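Engineer: Attaching a single structure in C-alpha cells format; questions to follow.
The values are calculated or read from the model by the stated rules, or taken from the named source; none is laboratory data. Just so it is clear, the structure is predicted and the values come from calculations on it, not from any experiment. Cβ placement follows ideal geometry from the backbone for every residue including glycine, while neighbour counts extend to all protein chains displayed.
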Amino acid sequence: MGQDTVELLLKRRSVKPAMLVEPGPSAAQLDTILTAAARVPDHKKLEPWRFIVFSGDARALFGRILLKACLAEEKQTPSAARLEMERTRLLRAPTVVAVISRVVPHPAAPEWEQILSCGAACFNLCLAANAMGFGTCWITEWYTYSAAVRAGLGLAQNERIAGFIYIGTAKEQQPDRERPALAKIVTRWTG
C-alpha cells in the first residue's frame, strides 16, 4: 500500500474542469474525501477551514451569484459569452467544493500556520479524491477574491476562499507537464 501512495503522489496531475464529467463522488465517497481533507496538521485544534459543497442544481444556483458579481465588479460591461461562462462556471464538474480559510485569533497558533493548514486541507481533499479515481482541479480565479462572491457565500470577516476544488471523472488522460529539477530547488544544509 505504501508504494501505491508514492506512485499516486508521483503521478498526480490536475485535470482541467472542462475535462471533468460524471460520475462525481457519491455522498458517501464525498464524506470520505472531506474526512481525509480535515485530517491535516491543525495546531491548537482550531479547524481553520471549512467546506461548502456544490452539487446538482446548487451549481447552477451559485452561477447566479457569479453572474451578478461579474456584472458588478468588471470595469467594462462583460460580453454575453463571458456572462454565460460565469453563469455556468460550476457546471463544468459534477461536484465543486469551496474551501474556506477561517483564521481564529490564538496566541499559540499564528495566522500563517492556520492558512498553511487550510492549504493542506485543500491538497488532502484533492489527493483523497485522486486516490478514489476522480480527477480534481484546485482553482483560484477572480471569483475566489470577489467581495460579492464572499458576501453571496455568507463568509464571516475572518474567512476567505482558499479555492474551489472541482471533482469528477477525467474524460481523458492529462499529459504530464514539466516539473522542477531537484537540483534547482534543493540545497543541503552543511553548517
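Engineer: Answer with yes or no whether residue 117 is in contact with a helix residue (DSSP H, G or I) (Cβ under 6 Å, 6 or more places away or on another chain), surrounded by 16 or more Cβ atoms within 10 Å (Cβ to Cβ), under 20 Å from residue 160 (Cα atoms) and among the hydroxyl-bearing types (Ser, Thr, Tyr).
Structural biologist: Judged against the criteria, residue 117 is not a match.
Engineer: Does residue 58 satisfy the condition of being out of contact with any helix residue (DSSP H, G or I) (no Cβ under 7 Å at 6 or more places or on another chain) and at pLDDT 95 or above? Let's see the steps before the verdict.
Structural biologist: Values: out of contact with any helix residue (DSSP H, G or I) (no Cβ under 7 Å at 6 or more places or on another chain): yes; at pLDDT 95 or above: yes.
For residue 58, the condition - out of contact with any helix residue (DSSP H, G or I) (no Cβ under 7 Å at 6 or more places or on another chain) and at pLDDT 95 or above - is met.
Engineer: Every residue in region 1-24 that is among the basic types (Lys, Arg) and out of contact with any Leu (no Cβ under 9 Å at 6 or more places or on another chain), please.
Structural biologist: Passing the criteria: 11, 13, 16.
Engineer: Of the conditions (1) within 25 Å of residue 60 (Cβ to Cβ); (2) surrounded by 11 or more Cβ atoms within 10 Å (Cβ to Cβ); (3) out of contact with any helix residue (DSSP H, G or I) (no Cβ under 8 Å at 6 or more places or on another chain), residue 146 satisfies every one except a single condition; which number is it?
Structural biologist: Against the list (1) within 25 Å of residue 60 (Cβ to Cβ); (2) surrounded by 11 or more Cβ atoms within 10 Å (Cβ to Cβ); (3) out of contact with any helix residue (DSSP H, G or I) (no Cβ under 8 Å at 6 or more places or on another chain), residue 146 comes up short only on (3).
Engineer: While we're on this one: For region 49-100, which positions are of a type in the set (Gly, Ala, Ser) and either closer than 20 Å to residue 155 by Cα or free of Cβ contacts under 8 Å to residues at least 40 places away in the same chain (or both)?
Structural biologist: Residues satisfying the conditions are 55, 56, 58, 60, 63, 69, 72, 79, 80, 81, 98.
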